[in-house]
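Chemist: Just dropping this structure here.
The values are calculated or read from the model by the stated rules, or taken from the named source; none is laboratory data. The model shown is predicted, which means the values in this text are computed figures rather than measured ones. Note: ideal-geometry Cβ built from the backbone for every residue, glycine included; neighbour counts use all protein chains shown. These accessible areas exclude ligands, DNA and RNA; they are computed on the full protein's heavy atoms, side chains included. Shrake-Rupley method; radii C 1.70, N 1.55, O 1.52, S 1.80 Å.
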Amino acid sequence: MKFFLLLSALGLCWAQYSPNTQQGRTSMVHLFEWRWVDIAQECERYLAPNGFGGVQISPPNENIVVNNPSRPWWERYQPISYKICTRSGNEDEFRNMVTRCNNVGVRIYVDAVINHMCGEGGGAGTSSTCGSYFNAGNREFPAVPYSGWDFNDGKCKTSSGGIESYNDAYQVIDLGGEAITSSEYFGNGRVTEFKYGAKLGTVIRRWNGEKMAYLKNWGEGWGFMPSDRALVFVDNHDNQRGHGAGGSSILTFWDARLYKMAVGFMLAHPYGFTRVMSSYRWQRNFVNGQDVNDWIGPPNNNGVIKEVTINPDTTCGNDWVCEHRWRQIRNMVIFRNVVDGQPFQNWWDNGSNQVAFGRGNKGFIVFNNDDWSLSTTLQTGLPGGTYCDVISGDKINGDCTGIKVYVSSDGKAQISISNSAEDPFIAIHADSKL
């Protein structure tokens, strides 16, 4: 059951309404805290050629600068204003990224934080990514402008009036003094400053719904109607925590195998709109004597985010991990595009942790997460012929750099996977036929 528990922990992504990707593209990648200039390049040089449909970006609006701890990931979720001004870049760079990515068929999904501002512990001053003044304790954010009148003080039923435990769903939903959903600015159009679709050409947006579970009139909250040229993709910020991706740089050999298999299962399964993670290194901290992992801020030099460099082997350098460039994950994104619309069929399992299934007559995938080898004949549903396993290699110039799988005329194939293999799963599809 360990394999299936990992799958449930990883989570499968879903969307409300259509994600509006270009035809034939079925997945997006979260380029967590990448710079806009690097995302624009990645759309052109890698994402579009490999069939990615979109990029989820980190919040682009001005946020507080946190120095203790030094520039953590969560400072991006502490808004000061709706100016497009962060460590990822300015409005001109943002506009250029959106245009270039859209031009090659890769949509931009904005991680939009508009329902709350930075917490009262943020203090006061101009320590923000664009230098705007704020006084978090007094609920003063003149760059929007918001004042104390715009916040839901007293809504959170705790002694302090704020969130005292993020493990308490009711406190998180109520949010206390950070929430601004009752503001006339929020409901009557001031949020148009934040309308990336209409203002900057973003085709898709993502709602940061972490603390908006009970906001039913979300369309009004945005300050736009469906007739606007921006389209909507609704998601929940907390869903991202199921990716399991940020720690890849410190994963053991066995953990990395499980991670790649779990992502492979997600991408092969005909459910939802899938999202893969592209992260950077975790750091190991000791909190109250316990070993705790958490995301640090992105690779940086004195607070300035480092360029995402590309190594000769196509992996990322400069301390970036870039799981989406791993052969196994990149090829499973392509697999998903090839089998799109095909039925789930030919399920097989051994009653333990060896499983297989097909997608119509377009693709077939097999996993071995047991402590013993797999060797059996399976019905793939594919036409007869020789196929390249896209997990162990690539189809290049009509040949395969990895394992070759022979499918007989009746659709059956002899599958062998060692339990000690680097990647104990095999995937073949119509476009990998030799």
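Chemist: For THR380, are the conditions met, namely being polar (S, T, N, Q), surrounded by 15 or more Cβ atoms within 10 Å (Cβ to Cβ) and more than 30 Å from the chain's Cα centre (by Cα)?
Modeler: yes
Chemist: Okay, next question. Please determine whether any residue of the range 87-102 is part of a loop (DSSP other than H, G, I, E, B), in contact with a Phe, Trp or Tyr (Cβ under 9 Å, 6 or more places away or on another chain) and surrounded by 15 or more Cβ atoms within 10 Å (Cβ to Cβ).
Modeler: Yes, that holds for at least one residue.
Chemist: Related question: Just checking, how many residues over the range 30-47 are open to solvent by 10 Å² or more (accessible area, probe 1.4 Å) and not in a helix (DSSP H, G or I)?
Modeler: Of the residues in that region, 1 qualify.
Chemist: Hey, could you check the range 405-421 for residues that are touching a Phe, Trp or Tyr at 6+ places or on another chain (Cβ under 8 Å) and within 27 Å of ARG325 (Cα to Cα) and say which is surrounded by the fewest Cβ atoms within 10 Å (Cβ to Cβ)?
Modeler: Among those residues, the one meeting the criterion is ASN419.
Chemist: Report the residue count in the range 107-134 for those that are modelled with pLDDT of 95 or more, crowded, with 16+ Cβ neighbours inside 10 Å and more than 14 Å from GLU62 (Cβ to Cβ).
Modeler: 0
Chemist: Could you tell me whether the range 59-77 includes any residue that is more than 30 Å from HIS116 (Cβ to Cβ) and of a type in the set (Lys, Arg)?
Modeler: no
Chemist: Separate question: For residues that are surrounded by 17 or more Cβ atoms within 10 Å (Cβ to Cβ) and in contact with an Asp or Glu (Cβ under 6 Å, 6 or more places away or on another chain), tally how many sit in the range 383-404.
Modeler: Of the residues in that region, 3 qualify.
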